[in-house]
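Scroll down for the structure; my scribbles are underneath it.
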Ligand SMILES: [Zn+2]
Ligand SMILES: [Zn+2]
């Protein structure tokens, strides 16, 4: 079958302009992208770049998550001790009046 008769995998109404060498499917101009001189579809492009990108993204997310947890923990600790102090004030006050 010739390329002109092919339709984009994602867009039924669009004519395919290129065939992805990775998945051998046909795609329209919008669905195909140039990656290091190779014309691949966006799905395959994601597969090609994901290992590195996801790792850095994962690390960044972990870092951000860690920072979030640490700041939350510090905040919690702060309020916990603040509460402890406020709780202890009347207690010592009581103790002072009792003794
Ligand atoms: Zn592909
Ligand atoms: Zn398309």
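Rule-based calculations on the coordinates, nothing more; no lab input. These numbers come from a predicted model, not from an experiment. Virtual Cβ from ideal backbone geometry, glycine too; neighbours counted across all protein chains shown.
A compact table of results
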| item | result |
| --- | --- |
| Highest-first arrangement of 30-41, 56-67, where packing means the average Cβ count within 10 Å | 30-41, 56-67 |
| Estimated inter-spin distance, residue 80 and residue 63, nm [label 7 Å along Cα→Cβ] | 2.7 nm |
